[in-house]
Amino acid sequence: MQFTSGIVEQAVEALSSFPGIGKRTALRLVMYLLKRPEMEVAHLADALLKLKTELHLCEVCGNVSDHKRCHVCVNPNRSEEVICVVEDFSDLMAIESTAQFKGKYHVLGGLISPMDGVGPDDLNIASLLGRLENSLVGEVMMALSATVEGDTTMFYLAKKLKPMGVTITCIARGIAVGGEIEYADEVTLGRSIAQRTEYLL
Amino acid sequence: MYLQRLQLFNFKNHSQRSLEFCDGINTLTGANGVGKTNILDAVHYLANAKSYFNGIDSQIIEHDKTFFTVKGQFEGELPAEILIQFEGGKKTIKKNDKAYPRLLDHIGMIQTVFITPYDIDLVLGNSEDRRRFVDLSLCQIDKAYLQNLSTYKKALEQRNALLKTMQGRYIDPDLLSSYDAKLIPAGILIHQRRKEFIEHILTFFTTVYQNLSSGSETPSIQYDSPLNNGDFATLLADTHRIDMAAQRTSVGIHKDDLIFGLGEFPLKKYGSQGQIKSFIIALKLAQYNYFQAVTKNHPILLLDDIFEKIDEERAQRLIDMVGASGYGQILITDTHSSRVETHFQPIDANKLHHHL
């Protein structure tokens, strides 16, 4: 790509470092921004900057928050007895939108993956163990991805949580709602059969 | 099921190529370097979603191009068009214009058996080449095997990365065993299936070998695995310290090997050229027979330059043997048109000839 302006080039370079955005898409975004009013662009720049300057990670659970503690942790109506462990705050948002979970969260900030240089010490694991000491928590529910990394992280956590005397659960895996059995993969289907539940009328 | 039409774009040295095949014997002739073997490899690619020779997809793209596609029209009980595309590091497979959610879902639809001069590595190469033969045999017909092998490889890669980054320092046993927990069930299943596979092919293999070599020596295949010596969970737990020091996982099905022998002697050391060639062909025909027994269909047989490199007499016997159960589709390459014609003259099957 041949640039006639250093400023445009700089903006394209910066945008194309985003995941899923190549040079061509970055150029389209730059051309779009050039046509927008200055106020709108300033607002965008401000919103981006605030992510770094004003956003907090909740000191209790690691969730993103505008304050020192997130809205779930300060909510007196949420149960203290169950903690749901998630990989990232986007997973927390997904679970919140089900409106099925009334307990509190713990955000790990990733999964154990030595290939990517991520070990247990790089994640919010120590703070989770700390939260359980002298607490009302009776259950830790693990809601992690069904990948090799998710499974090994769950196994490691379970090993560390077991001596603390809490019930350890993991969310069920099986056929998607609206999914047809003949199109389900063998591993998922096999697991669904092994972990079948009583049909309640 | 047979391949009726093959279309290639930027696949190795084929910028653009379209070929029709019949359900019987298809011969491909042409000078060295025109890309005959690459056409067979493209058929293998359609079945297995990878090259027989090169595991790195980006290297299959023709020089200076950015993508390749392989398209195959299969006819038979369930006609289907398979399209595999590789671009920008991403592979997609479509069946009748519909993309599979996962690549694994495609494998198993078509079985291929490839016989090429490079197979000499099966005997002379390292254990990885022999594991690849077993994996290729099982993955094409057994989804559970394929899934577990993929899980095992991922967990092993992570476990080895962990051992490597710790550079011999102490590792929390809870962390190491979280990988063991993934390796154990997958490893046990793979070990079991590999053992059954070898047991299954052994009788047929022995008959074929003796028929090919017209010799009296008894060939043997022994499945060598660390898992033969005990419970995988115990083996892994017992080697934690050794693994930390060695910075890699020292026991598991990734250490499996096949030990080939003739009478009392190891084939690799004492086998003659001819004996080794017969051994390899017998292995491949056992694979063909295994696919047939399991799927009740003929796999597609890909014969690469067998008259030149393997010798004419063995090649002729091979063809006779394949035909004993009725011929499925065969694709065969040779540099000499007249030679293949002579060999296939007596055979009563549909024939098609392409000169590239």
What pairs come up if the first residue lies in the stretch B:155-170 and is touching a residue at least 12 places away in the same chain (Cβ under 8 Å) and charged (D, E, K, R), the second is open to solvent by 80 Å² or more (accessible area, probe 1.4 Å) and part of a loop (DSSP other than H, G, I, E, B), and their beta carbons are under 8 Å apart, counting only those six or more places apart or on different chains? B:LYS164/B:ARG248
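Conditions (1) more than 16 Å from B:ILE93 (Cα to Cα); (2) open to solvent by 10 Å² or more (accessible area, probe 1.4 Å); (3) touching a Pro at 6+ places or on another chain (Cβ under 7 Å); (4) in a loop (DSSP other than H, G, I, E, B), marked per residue:
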| position | (1), (2), (3), (4) |
| --- | --- |
| B:LEU6 | no, no, no, no |
| B:SER18 | yes, yes, no, no |
| B:ASP23 | yes, yes, no, yes |
| B:LEU28 | yes, no, no, no |
| B:HIS44 | no, no, no, no |
| B:ALA47 | no, no, no, no |
| B:ASP64 | yes, yes, no, yes |
| B:PHE68 | no, no, no, no |
Leading residue by the ranking (nearest to B:LEU283 (Cα to Cα)) among those in the stretch B:187-224 that are surrounded by 20 or more Cβ atoms within 10 Å (Cβ to Cβ) and of a type in the set (Gly, Ala, Ser): B:SER213
Find the residue count for the stretch B:70-111, including only residues that are assigned to a loop (DSSP other than H, G, I, E, B) and either of a type in the set (Ser, Thr, Tyr) or open to solvent by less than 60 Å² (accessible area, probe 1.4 Å) (or both). 8
Number of the condition not met by B:ILE56 [criteria: (1) open to solvent by 10 Å² or more (accessible area, probe 1.4 Å); (2) in contact (Cβ under 8 Å) with a residue 40 or more places away in the chain; (3) of a type outside the set (S, T, N, Q)]: (2)
Sort out which residues of the stretch B:94-120 are assigned by TED's automatic domain parsing to the domain that holds B:LEU6, at pLDDT 90 or above and farther than 20 Å from B:THR295 by Cβ, and write them in order of number. B:LYS94, B:ASN96, B:ASP97, B:LYS98, B:ALA99
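Just name the residue that is most open to solvent (accessible area, probe 1.4 Å) out of those in the stretch A:137-191 that are among the hydrophobic types (A, V, I, L, M, F, W, C) and touching a residue at least 40 places away in the same chain (Cβ under 8 Å).
This residue is A:MET141.
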Kindly establish whether A:GLU198 is over 26 Å from A:CYS70 (Cβ atoms), within 14 Å of another protein chain (Cβ to nearest Cβ), surrounded by fewer than 16 Cβ atoms within 10 Å (Cβ to Cβ) and of a type in the set (Asp, Glu). no
Selection count where residues are within 13 Å of chain B (Cβ to nearest Cβ) and either among the basic types (Lys, Arg) or touching a Phe, Trp or Tyr at 6+ places or on another chain (Cβ under 8 Å) (or both), scope the stretch A:126-156: 1
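At least 1 residues that are within 24 Å of the chain's Cα centre (by Cα) and not aromatic (Phe, Trp, Tyr) in each: list the helices (runs of 4 or more DSSP H) lying fully within the stretch A:1-71 that qualify.
Passing ranges, in order: A:6-15, A:38-53.
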May I ask you to list the residues in the stretch B:134-154 that are more than 10 Å from every other protein chain (Cβ to nearest Cβ) and either free of Cβ contacts under 8 Å to residues at least 12 places away in the same chain or touching a Pro at 6+ places or on another chain (Cβ under 9 Å) (or both)? B:GLN140
So which residues in the stretch B:314-342 are part of a helix (DSSP H, G or I) and within 26 Å of the chain's Cα centre (by Cα), if there are any at all? B:ARG314, B:ALA315, B:GLN316, B:ARG317, B:LEU318, B:ILE319, B:ASP320, B:MET321, B:VAL322, B:GLY323, B:VAL340
Picking from A:LEU15, A:LEU33, which residue would you name as being of a type in the set (A, V, I, L, M), touching a helix residue (DSSP H, G or I) at 6+ places or on another chain (Cβ under 7 Å) and closer than 30 Å to A:LEU123 by Cβ? A:LEU15
Criterion first (more than 19 Å from B:ALA42 (Cα to Cα), touching an Asp or Glu at 6+ places or on another chain (Cβ under 6 Å) and in a helix (DSSP H, G or I)) does B:LEU122 satisfy it? yes
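Of all residues in the stretch B:92-111, which are in contact with a helix residue (DSSP H, G or I) (Cβ under 8 Å, 6 or more places away or on another chain) and either more than 12 Å from chain A (Cβ to nearest Cβ) or among the β-branched types (Val, Ile, Thr) (or both)? Show your work before the answer.
Residues of the stretch B:92-111 in contact with a helix residue (DSSP H, G or I) (Cβ under 8 Å, 6 or more places away or on another chain): B:93, B:104, B:107-111.
Of everything in the stretch B:92-111, those that are in contact with a helix residue (DSSP H, G or I) (Cβ under 8 Å, 6 or more places away or on another chain) and either more than 12 Å from chain A (Cβ to nearest Cβ) or among the β-branched types (Val, Ile, Thr) (or both) turn out to be B:ILE93, B:ILE107, B:MET109, B:ILE110, B:GLN111.
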Could you say whether any residue in the stretch A:96-114 is assigned to a helix (DSSP H, G or I), within 12 Å of chain B (Cβ to nearest Cβ) and within 20 Å of A:CYS84 (Cβ to Cβ)? no
So which helices (runs of 4 or more DSSP H) are wholly in the stretch B:250-313 and hold at least 1 residues that are in the same structural domain as B:GLU199 (by TED's automatic domain parsing), at pLDDT below 90 and open to solvent by less than 10 Å² (accessible area, probe 1.4 Å)? B:273-295
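Scan A:ALA99, A:ALA26, A:ALA47 and give me the residue that is surrounded by fewer than 12 Cβ atoms within 10 Å (Cβ to Cβ) and not assigned by TED's automatic domain parsing to the domain that holds A:GLY138.
Residue meeting the stated conditions: A:ALA47.
Identify, from the list B:ARG159, B:ARG194, B:ARG131, the residue that is within 14 Å of chain A (Cβ to nearest Cβ) and either at pLDDT below 95 or in a helix (DSSP H, G or I) (or both).
From the options B:ARG159, B:ARG194, B:ARG131, the qualifying one is B:ARG159.
The values are calculated or read from the model by the stated rules, or taken from the named source; none is laboratory data. Note that this is a predicted model, so its numbers are computed, not measured. We place every Cβ from the backbone using ideal geometry, glycine too, and count neighbours over all the protein chains shown. SASA here: full protein model, heavy atoms, side chains in, ligands and nucleic acids out. Shrake-Rupley method; radii C 1.70, N 1.55, O 1.52, S 1.80 Å.
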